[in-house]
Amino acid sequence: MVGGRVMNCRPSHAATRRARIGCWMPTPAPRSLASDIALSIVAPAHNEAENLRPLVAEIHAAISPLAIAHEIVIIDDGSTDSTPDLLRDLQREYAQLRAIRMQRTPPGKGHGQSAAFHAGFRATRGEVIAVLDADLQNDPADIPAMLEVMSRTGADLVQGDRSHARADNTVRKASSWVGRFFRRNLLGDSIRDTGCSLRLMRREVALAIPLEFRGMHRFIPVTARHMGFAVVEVQVSHRPRVAGVAKYGIVNRAIPGLIDCLAVRWMMNRRRPTHALPLHDGEAAQTVEYVEYSRDRLREPAQKEEAAASRR
């Protein structure tokens, strides 16, 4: 790393595709946003007032030394505590912080992580999007190393793996094993810790996942792979919750998780490529830019080989 910028990067595919944080980036942020932001850090929050100030401080401490343009986007998902007021105060303290609030939430509840991610990703302006929980169990200090992995491997999504660091009881370990068994057999999902929210995605990946459906946040890595994106896993830290109340337990994750597996399998079986080629009389067809996924055609040969090797 030189001057806070991850090195060992590849040439961009075209002049308009810049690599601001050292990695090849096929889809820049929309020009209408007039943004030079390289990295967006997104965190949904529901009644996490006690954790928000240390969260923002830790993100600031982890990312500022990289000397890259970044923003922090926190989504208030129907909080009933002092989260909205605290976010207003924090926005005055941190110029990089932007807060949005979910609308039409059920009384006393939020729409859930999937909907919050969907809204948060569309509010971001960065070319790479980092995601983490607001409960301080994910460590923002892991993000710089994950950026380096993205640059080195050419991956489109870097998924965190906390399994080595968790001290779960026997019941939780058993439920996690059952969940992995069904995901592996129904979806071909080999991700070890799909429940870890700490991940990095290129912007096009984040916008392609159908997160308007409840529970889809648990299937971001496998859905990205099915769409043709390259996904790698890296070990990350895990910390116990010190404030606030856990939003998920074994019961409210196991049965809905199995149902969601069946729904995702149904969607995978019916997903079709949506890229197209224009017809030119007497000219070689050129791939249009408005594609949804299947990026191999955009990669140069060396990038294709490295991405294929990372998936083995």
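Tell me which residues, restricted to the range 55-72, are more than 18 Å from Ala38 (Cβ to Cβ) and without any contact (Cβ under 8 Å) to a residue 60 or more places away in the chain.
Val56, Ala57 - these are the residues of the range 55-72 that are more than 18 Å from Ala38 (Cβ to Cβ) and without any contact (Cβ under 8 Å) to a residue 60 or more places away in the chain.
Yes or no: Asp81 under 21 Å from the mean Cα position of the chain (by Cα), within 12 Å of Ala45 (Cβ to Cβ) and charged (D, E, K, R)?
For Asp81, the condition - under 21 Å from the mean Cα position of the chain (by Cα), within 12 Å of Ala45 (Cβ to Cβ) and charged (D, E, K, R) - is not met.
Scanning the range 100-120 for residues that are among the aliphatic types (A, V, I, L, M) and not in a helix (DSSP H, G or I), which turns out surrounded by the fewest Cβ atoms within 10 Å (Cβ to Cβ)?
Within the range 100-120, the match that is surrounded by the fewest Cβ atoms within 10 Å (Cβ to Cβ) is Ile100.
Is there a residue being crowded, with 24+ Cβ neighbours inside 10 Å, in a helix (DSSP H, G or I) and at pLDDT 95 or above anywhere in the range 41-52?
yes
Per-residue answers, yes or no, for (1) buried (at least 23 other Cβ atoms within 10 Å of the Cβ); (2) assigned to a helix (DSSP H, G or I):
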residue: Arg183; (1), (2): yes, yes
residue: Asp189; (1), (2): no, no
residue: Cys196; (1), (2): yes, no
residue: Ile220; (1), (2): yes, yes
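What pairs come out if I take residues in the range 180-201 that are at negative phi and pair them with residues that are surrounded by fewer than 23 Cβ atoms within 10 Å (Cβ to Cβ) and assigned to a loop (DSSP other than H, G, I, E, B) whose C-beta lies under 6 Å away, six or more apart or interchain?
Arg183/Asp189; Arg192/Ser163; Asp193/Arg162; Asp193/Ser163; Cys196/Arg162; Ser197/Asp133
Select, from Ala69, Ala38, Ala34, Ala61, the only residue that is out of contact with any strand residue (DSSP E or B) (no Cβ under 9 Å at 6 or more places or on another chain), of a type in the set (A, V, I, L, M) and modelled with pLDDT of 95 or more.
Answer to the selection: Ala61.
Would you call Asp81 assigned to a loop (DSSP other than H, G, I, E, B), more than 25 Å from Val236 (Cα to Cα) and either in contact with a Cys (Cβ under 7 Å, 6 or more places away or on another chain) or charged (D, E, K, R) (or both)?
When the stated conditions are applied, Asp81 passes them.
List the number of the failed condition for Asn138; all other conditions in (1) out of contact with any Cys (no Cβ under 8 Å at 6 or more places or on another chain); (2) not in a strand (DSSP E or B) hold.
Exception for Asn138: condition (1).
Cβ-Cβ under 6 Å, sequence separation 6+ or interchain: first residue in the range 87-106 and within 14 Å of Ala43 (Cβ to Cβ) and in contact (Cβ under 8 Å) with a residue 12 or more places away in the chain, partner part of a loop (DSSP other than H, G, I, E, B) and among the acidic types (Asp, Glu). Which pairs?
Matching pairs, first to second residue: Met102/Asp77.
The values are calculated or read from the model by the stated rules, or taken from the named source; none is laboratory data. Being a predicted model, the structure only gives us computed values, none of them experimental. So basically every Cβ, Gly included, is an ideal-geometry build from the backbone, and we count neighbours across all protein chains shown.
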